[in-house]
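Notes follow once the structure below has been shown.
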Amino acid sequence: MKRLFILLIFFFSFTLAKAQSIDILQYSAKIEPDISNKSVKGKVAVEFKSLTDNLTEISLNAGALEIDKVSEKSFQKKESILIITLAKPAKLNEKRFIEIEYHGVPKYGIRFFPEQNQVYTVFSTSQWMPCADAPSDRAKFRLELILPKDLQVVGNGDLVKQSKLSNNKISSVWEEKNENPTYLFGFAIGNFREVIENYKGVNFRYLAPISYSEAEIKKIFQNSKDMLDFYESKAGVKYAEKTYTQVLPMKSAEQEMASFTVLSENYGKEVLQDEKDIWLGAHEFSHQWWGNSVTNQAWTHFWLNEGVATFMTAAYLEHRFGREEYLRQINGAKANYEKVRDAGKDKPLVFPDWNKPTREDRILVYDKGAYVTHLLREELGEEKFWQALKDYTRKYWGKSVTTKDFQASFEKSSGKDLSEFFKKWIY
Ligand SMILES: [Zn+2]
């Protein structure tokens, strides 16, 4: 995501009452968004494994949602936290399902545009579906969406079933088999023009307002295949999904999710005006590797998502447009960082107090994060740096990481002691 929405993080990331003694394995939800009333109604089955003996209750984040029914003994909602008392205590390693029925009018995390018949999610999943917000708890996601007919839809993973319902609506079932943190769950629905291109077994699906022609849409996204090649070669890992969908919705969304990204309607206009103006598309696509597949374990290590992705965006622009463009990006990040530093607001990149990020904190995570990754590239040299990045990405593919993991992995690959570098720039 771009920095606009980082502010949302603190709304939820520290609200989970206590450390969970469960591992959530899968969410299976059926959701019906009501676009004209800007509301949702849904049912979610949560499959989890108990990590303790005699587990009697679990807590989930549920934003401002109203809970109608839970398939257990009892439940209560304390502000945004849903506390469920189990009908029968769970044993260590025992797997359980619970079902929650709910409805609500979320204020954020999902945006409705009734006039354009659009709705899409942005980041704060628990505002539209009860779930655990912790970025370290990865789970599979199956989502059935009930929609008016004639709308385009994208969810996480693959569309496995689509059927007509008797009430003139359509049911679409999406299945994401890779495990992801819940902030990457989502969907987008609208009256879009759809264009699909296939490249090396990956379906590139573009959803744009009807006002764009097919030729324009292809032009807007013409670098996607080259980005795929570039990121795969630097990561040493293939893109994890069969489809990558890029959506140009109303307003500015700029949010990566598992297997798709919502950009903004304006992004299309900007690229058509200046074909080099692809920073946002390149940044969001890089998250499919860094930020989505290799994910920060806690928001205190958020620079591993955003600093690394911002650096990789500069690296892609270098590949596409030359060294000068790379240096322009890095110098821009450096200048933004130095402004914060000169104002006396510099901080370590590992944030102890990321529950209330300031504007400057966000600049540090993105720009200082990208600049420091660039300095690491200089420190190690081309060959060692890119090899280390590849080793790190492969090692932590599908996992959650801390800065310590990042450092240890880069030290092992390069054979260099980086403790001074990390002390100076990161801690
Ligand atoms: Zn980002």
Select the helices (runs of 4 or more DSSP H) contained entirely in the range 271-342, then report the ones holding at least 1 residues which are more than 16 Å from the ligand (Cβ to nearest atom) and β-branched (Val, Ile, Thr). 323-342
Does the range 263-319 hold any residues that are among the β-branched types (Val, Ile, Thr), open to solvent by 10 Å² or more (accessible area, probe 1.4 Å) and in contact (Cβ under 8 Å) with a residue 60 or more places away in the chain, and which are they? 310
What residue, among those in the range 231-277 that are under 28 Å from residue 138 (Cβ atoms) and of a type in the set (Val, Ile, Thr), is nearest to the chain's Cα centre (by Cα)? 261
Over the range 324-358, the set of residues hydrophobic (A, V, I, L, M, F, W, C), under 18 Å from residue 311 (Cβ atoms) and open to solvent by 60 Å² or more (accessible area, probe 1.4 Å) is 327
Within the range 172-201, can you find the residues that are farther than 19 Å from residue 255 by Cα, open to solvent by less than 10 Å² (accessible area, probe 1.4 Å) and either touching a helix residue (DSSP H, G or I) at 6+ places or on another chain (Cβ under 9 Å) or assigned by TED's automatic domain parsing to the domain that holds residue 266 (or both)? 195
Take residue 107 and tell me if it is surrounded by fewer than 17 Cβ atoms within 10 Å (Cβ to Cβ) and free of Cβ contacts under 8 Å to residues at least 40 places away in the same chain. no
Return the pair list, or none, for Cβ contacts closer than 6 Å from residues in the range 364-386 that are closer than 14 Å to residue 290 by Cβ to residues that are open to solvent by 10 Å² or more (accessible area, probe 1.4 Å) and within 16 Å of the ligand (Cβ to nearest atom), at least 6 apart or on different chains. 366/3; 366/310; 370/310
Could you list all residues from the range 236-246 that are buried (at least 16 other Cβ atoms within 10 Å of the Cβ), at pLDDT 95 or above and more than 16 Å from the ligand (Cβ to nearest atom)? 236, 237, 239, 241, 243, 245
Only one of (1) within 16 Å of the ligand (Cβ to nearest atom); (2) of a type in the set (Asp, Glu); (3) open to solvent by 30 Å² or more (accessible area, probe 1.4 Å) does not apply to residue 361, and that is (3)
Could you check, for the range 381-390, whether at least one of its residues is open to solvent by 60 Å² or more (accessible area, probe 1.4 Å) and either within 29 Å of residue 139 (Cβ to Cβ) or not in a helix (DSSP H, G or I) (or both)? no
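The values are calculated or read from the model by the stated rules, or taken from the named source; none is laboratory data. What you see is a predicted model; the values in this text were computed from it and never measured. Backbone-built Cβ (ideal geometry, glycine too); neighbour counts: all protein chains shown. What goes into the accessible areas is simple: the full protein's heavy atoms, side chains included, and nothing from ligands, DNA or RNA. Shrake-Rupley method; radii C 1.70, N 1.55, O 1.52, S 1.80 Å.
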